[in-house]
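Notes follow once the structure below has been shown.
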Amino acid sequence: MGEIVGTRGWGPPRTLEAALLGFFHRLRDARVPVSMVEVLDAFECLRHVDLADRTQFRAALFTTLVKRPEDQQAFHVLFDVCFPLTRAPGAAPSAPAGGNGHAPGEPGHTEAPVEAEAPAPPSDELLRALLDALRHDDEAAMRTLAGLAVDRFGGLDAQPEASERYYLYRILRQVELYRLLAMALGDDDPDGAARHGREELASRIEEFRRLLAEQVRHRLSATVGAEQAAELYRERQLEDVDFLGASAGQLRELRQAVRPLARKLVARAAQKRRLKRRGRLDVRRTVRRSLSSGGVPVDPAFRAIRASKPDLYVLADVSGSVIEFAKFTLSLLHAMNEEFAKMRSFAFVDGIDEVTGILDEGGHRMDLRGAFAMARVVAADGHSDYGSVFEGFAERYGADIDTRSTLIVMGDARNNYRQPGLETLKRLRERARRLYWLNPEPRADWDTTDSIMSVYTPWCDRVFEVRNLRQLAACVDEIT
């Protein structure tokens with residue numbers, strides 16, 4: 001396919017095959033399934049498009065490589081990283097990064113060099129230029145203005161290690177896109193909002209947001225390199241965000257992802273049950289069937305297996321350090337309650353209380369923090385005490401545990417140097433069918449300071465590190 005050069009403002013001067021192969025590898029690293037057949041389809045599709053047209057090039061790859069809705073964001077981010085926009089030869093940047101758009105003393109402020117272009121227009125002028133581009137659906141002008149906004153307000157040079165989300169927040173706070181609709185509706189121009197309509201203008205504003213994100217990714221790839229930019233994206237994939245270190249925005253996105261994940265896991269569990277319906281060979285029925293084929297057992301018969309669903313008992317540490325992890329795990333398990341014959345939930349800190357009824361009353365919108373506040377989970381000083389919790393659980397609910405019961409303990413095993421209650425845990429394990437422990441801390445942090453994870457591990461069937469949504473899904477999939 002030859003060389004791909006920086007025509008029409010994009011694409012570094014390198015062979016297209018090498019660039020595409022690197023792109024495919026990065027997609028696979030981001031857990032986007034790309035098979036060899038799809039790679040061949042992509043190359044064949046590219047023979048029929050204008051490679052110098054970035055829109056056609058992106059569409060051809062997107063059509064042949066992306067099969068699942070959840071992979072769309074990964075594709076667009078990595079495409080922008082691997083095939084960044086480039087300035088025309090000899091063209092100067094519209095404004096120095098982190099330059100005169102920042103007030104003195106503001107993070108990211110740098111003095112503009114004397115030979116730089118004239119300063120970027122004030123925010124009102126920028127908005128009016130953007131409004132004009134939106135009305136005329138001028139993508140080239142919108143892209144130019146997006147680059148100008150990133151150069152002026154992004155501050156990538158000041159903090160090159162920050163995330164794409166941070167840069168977008170910083171830029172949008174300065175650009176004030178929310179004022180665009182007000183400006184359009186208050187304008188007397190008959191070709192303005194009255195012609196194009198409020199909804200169409202709003203959709204074009206969203207398109208400008210996408211262009212801003214694209215420009216930020218281009219600047220990141222130019223600043224830190226394509227490899228580090230791709231790694232930066234992989235680190236910030238929603239499924240890999242640590243529960244204990246997530247921001248408020250990431251926590252909202254994670255909460256929205258719980259129910260779709262639950263539906264996927266329920267479907268997977270049902271499929272596993274169907275595959276396990278065949279039991280041991282039924283010799284008598286097999287011999288009887290073979291009589292119709294001259295004694296040859298061409299159609300063996302198997303005994304049917306009755307799939308039994310476990311009774312699930314979940315003990316969740318809701319102390320401040322791990323409460324977000326408890327909320328996500330309980331939400332996921334309650335969304336999958338059809339996979340269990342019975343599910344009972346318990347919350348604890350240094351005391352334990354059942355919260356099953358409170359959670360069931362909440363339906364799909366469980367107020368977990370409110371439920372934990374209503375429960376009697378603090379018995380003494382409010383610091384985690386696993387030994388006391390196990391003893392309280394065994395005393396109040398231990399008689400309900402039998403060979404159909406699966407116990408799940410969710411917590412970091414940080415016992416504040418108190419008695420571990422190991423004998424009580426042993427007795428519970430002997431009565432139960434299975435005992436699993438889900439720890440939200442990195443495995444490297446286990447058994448440091450007051451963590452006693454290794455003390456409990458021998459009496460658990462499995463101990464899982466569950467730091468993020470991906471590990472939680474794998475854990476629940478294995479348990480069910």
Fill in: Pick from region 436-447, criterion assigned to a loop (DSSP other than H, G, I, E, B) and open to solvent by less than 60 Å² (accessible area, probe 1.4 Å), ranking: farthest from Leu330 (Cα to Cα)
Trp446
Discussion item. Being modelled with pLDDT under 90 and either out of contact with any strand residue (DSSP E or B) (no Cβ under 6 Å at 6 or more places or on another chain) or closer than 23 Å to Asn415 by Cα (or both) narrows it down to one residue among Ala326, Ala307, Ala347, Ala316; which is it?
Written reply: Ala307
Fill in: Selected residue [at pLDDT below 95 and either more than 28 Å from the chain's Cα centre (by Cα) or surrounded by fewer than 20 Cβ atoms within 10 Å (Cβ to Cβ) (or both)] from Asp450, Asp461
Asp450
Worksheet item: Within region 413-433, is there a residue that is modelled with pLDDT under 95 and under 30 Å from Arg274 (Cβ atoms)?
Response: yes
Worksheet item: Can you find a residue in region 437-447 that is basic (Lys, Arg) and at pLDDT below 90?
Response: no
Practice prompt. Return yes when Thr424 is open to solvent by 50 Å² or more (accessible area, probe 1.4 Å) and either out of contact with any Leu (no Cβ under 8 Å at 6 or more places or on another chain) or part of a loop (DSSP other than H, G, I, E, B) (or both) and no when it is not.
Written response: no
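To keep it simple, each residue is scored yes or no on (1) more than 18 Å from Glu206 (Cβ to Cβ); (2) touching a Phe, Trp or Tyr at 6+ places or on another chain (Cβ under 9 Å); (3) at pLDDT 75 or above; (4) in a helix (DSSP H, G or I).
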{"position": "Pro119", "(1), (2), (3), (4)": "yes, no, no, no"}
{"position": "Asp124", "(1), (2), (3), (4)": "yes, no, no, yes"}
{"position": "Arg128", "(1), (2), (3), (4)": "yes, no, yes, yes"}
{"position": "Ala133", "(1), (2), (3), (4)": "no, yes, yes, yes"}
{"position": "Leu148", "(1), (2), (3), (4)": "yes, no, yes, yes"}
{"position": "Asp151", "(1), (2), (3), (4)": "yes, no, yes, yes"}
{"position": "Asp157", "(1), (2), (3), (4)": "yes, no, no, no"}
{"position": "Ala162", "(1), (2), (3), (4)": "yes, no, no, no"}
{"position": "Tyr166", "(1), (2), (3), (4)": "yes, no, no, yes"}
Fill in: Tally, over region 434-451, of residues that are out of contact with any Lys or Arg (no Cβ under 7 Å at 6 or more places or on another chain) and without any contact (Cβ under 8 Å) to a residue 60 or more places away in the chain
9
Worksheet item: If you check every pair at least six apart or on different chains, which have Cβ atoms under 6 Å apart with a residue in region 391-402 that is in contact (Cβ under 8 Å) with a residue 40 or more places away in the chain first and a residue that is among the small types (Gly, Ala, Ser) and open to solvent by less than 90 Å² (accessible area, probe 1.4 Å) second?
Response: Ile401/Ala432
Worksheet, complete the sentence: Only unsatisfied item for Ala74, checking (1) modelled with pLDDT of 85 or more; (2) within 19 Å of the chain's Cα centre (by Cα), is (1)
Worksheet entry | region 329-344: number of residues that are over 21 Å from Pro440 (Cα atoms) and out of contact with any strand residue (DSSP E or B) (no Cβ under 9 Å at 6 or more places or on another chain) | 1
Discussion item. Please return the ranges of helices (runs of 4 or more DSSP H) entirely within region 188-243 where 3 or more residues are crowded, with 16+ Cβ neighbours inside 10 Å and at pLDDT 70 or above.
Written reply: 198-224
Worksheet item: Arg433 passes all but one of (1) of a type outside the set (S, T, N, Q); (2) farther than 22 Å from Leu472 by Cβ; (3) surrounded by fewer than 20 Cβ atoms within 10 Å (Cβ to Cβ); which number fails?
Response: (2)
Worksheet, complete the sentence: Reported set for region 453-480 where residues are assigned to a loop (DSSP other than H, G, I, E, B) and touching a residue at least 60 places away in the same chain (Cβ under 8 Å) is Val466, Arg467, Asn468, Thr480
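The values are calculated or read from the model by the stated rules, or taken from the named source; none is laboratory data. Everything quoted here is computed from the prediction, not taken from an experiment. Reconstructed Cβ throughout: ideal geometry from the backbone, glycine too, with neighbour counts over all protein chains shown. Keep in mind that these areas ignore ligands, DNA and RNA; they rest on the heavy atoms of the full protein, side chains included. Shrake-Rupley method; radii C 1.70, N 1.55, O 1.52, S 1.80 Å.
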